[in-house]
Amino acid sequence: MNVMKKYRVCIVGLTGIGSGRPLVNGEAGYGSVVPHSHAAAYSTLPETEVVGVCDLLQDRLDQFKEAWSAALPALKYYTDYQQMITELKPDILSVVTSDNRHADIVVFAANSEVRGIFCEKPIATTLADADRMIEAVEQNSVAMTINHSRRWRPIFRPVMSELKRGSIGELRRIVCSFGGPRAMLFRNGTHMVDTMCMFADSEPQWVFAELEEGYEDYWPYQGDGGRTPELEPAVSGYIHFKNGVRAFYNNAKRMFGRRDWELFGTTGCITVSDQHASIETENGERKMDCLHNTCVDSPAVIRELIGVMENGGETCSPPRQGRRVLEVLLGFMASQKKGNVRIDFPLNENAV
């Protein structure tokens, strides 16, 4: 009888996205069947086993133990990620810390024979940090993915198929709207920008932007890794892609909490949110069917990561794509700092 290989997993960072238990009564399966947190995702995959967790705060370790000790009785707890990685030698590491603390952890893991890294978004908060992360994983042939989750969510798959099929002709414009208190440039804006990049299927070439009022001198990054919305601005931004697609980012904290993307082609338009999508052409309007899949979001990320670890290639959200998204976010900030001017890429963050 074939015995399934078990991949040893460690998690660094035990906030909700790192440690949350799956919902017991999730609506339409979005609960225990489709968990969102890293720990919950690994718990649904029989090929993975969480062997160690780490957080700087003892309270979070205690809370994790209370929530997970019954399911993971042999789990080891650490406040030092280097000690955990050195002692437990995981195959996969989840990096779920504050945005500005990813780099050192990823570099150490890549140099310590970890084979796969599941890193929260954004990849980092400076291009210098992103570059040393990329150098470390590429030099050590480590599979790595950035958790820009729309790349795995089922509703976006039929949208990508319609774009590739030419159902709205040639894609020309993208409008992304995201409002509400959590409309932060890095913590949630990274999702919106990455999804625009996915739809455009091209590299950003230049940007310009205006940050929300009160953040006129926001350079460099001044946030706390995503915990406090007031420490990150919202943005009205414009992205010009190399293939000619133009994207507009309509983002404000004091705005109705809409979150969707409108894709305008030469012969039609697609509107998509996290739950619904529709396509409008000269032949009328129709809704798109969501692909049913119980392994979406975090479990799908992990399954894909393991596939790349074993078979080579790269994930659909590789670190170099994460760097492109970061360059856009920083480009928006640089545009504001320099008087809302056009910022061409590559961006020299030392010259802003």
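Read-outs throughout are calculated quantities, based only on the coordinates presented, and are distinct from any laboratory measurement. Computed from a predicted structure; not experimentally measured. With ideal geometry, Cβ positions are generated from the backbone for all residues, glycine too; neighbour counts draw on all protein chains shown.
Within the chain, how many lysine pairs that are 8 or more places apart, or on different chains, have C-alpha atoms less than 21 Å apart? Within the chain, the lysine pair count is 11.
Note down the magnitude of the dipole of the chain about its Cα centre, charges +1 on Lys and Arg C-beta and -1 on Asp and Glu C-beta and zero elsewhere, to the nearest 20 debye.
With only Lys, Arg, Asp and Glu charged at Cβ, the dipole is about 540 debye.
Principal axis extents of the Cα atoms in region 32-96, from largest to smallest and rounded to whole angstrom, are 33, 26, 21. Treating each Cα of region 169-241 as one equal point scatterer and applying the Debye formula with no solvent, the log10 of I(q)/I(0) at q = 0.16, 0.25 Å⁻¹ comes out as -0.61, -1.26. Scaling against 2.2 N^0.38 Å puts the C-alpha radius of gyration of region 61-154 at 1.15. Note on Lys6 and Thr126: with the Förster distance fixed at 45 Å, the Cβ-Cβ geometry gives a FRET efficiency of about 0.80. Put a dot 7 Å past the Cα of Gln82, heading toward its Cβ, do the same for Lys338, and the two dots end up 3.8 nm apart. Relative to the longest principal axis of the Cα atoms of the chain, helix 298-311 runs at roughly 80 degrees. The C-alpha atoms of the chain define a longest principal axis, and helix 127-139 lies at about 50 degrees to it.
When Rg and the Kirkwood Rh are both derived from Cα coordinates, the Rg/Rh ratio for region 250-339 amounts to 1.06.
Placing pseudo-labels 7 Å out from each Cα toward the beta carbon at Asn140 and Met160 gives an inter-label distance of 2.8 nm. Taking only the alpha carbons of the chain, we obtain Rg and Dmax values of 20.3, 67 Å in that order.
Rounded to 0.05, the FRET efficiency of the Ser273 and Ser202 pair, given R0 = 30 Å and the Cβ-Cβ distance, is 0.85. Stretching Asn283 away from Asp104 to a fully extended chain increases their span by 59.1 nm, per 0.36 nm per residue minus the current alpha-carbon distance. Site pair Glu113 and Phe256 shows an inter-label distance of 5.7 nm when each label is modelled 7 Å from Cα along Cα→Cβ. Relative contact order (percent) for region 31-160, with alpha-carbon contacts under 8 angstrom and 6 or more residues of separation? The normalised contact order for region 31-160 reaches 17 percent.
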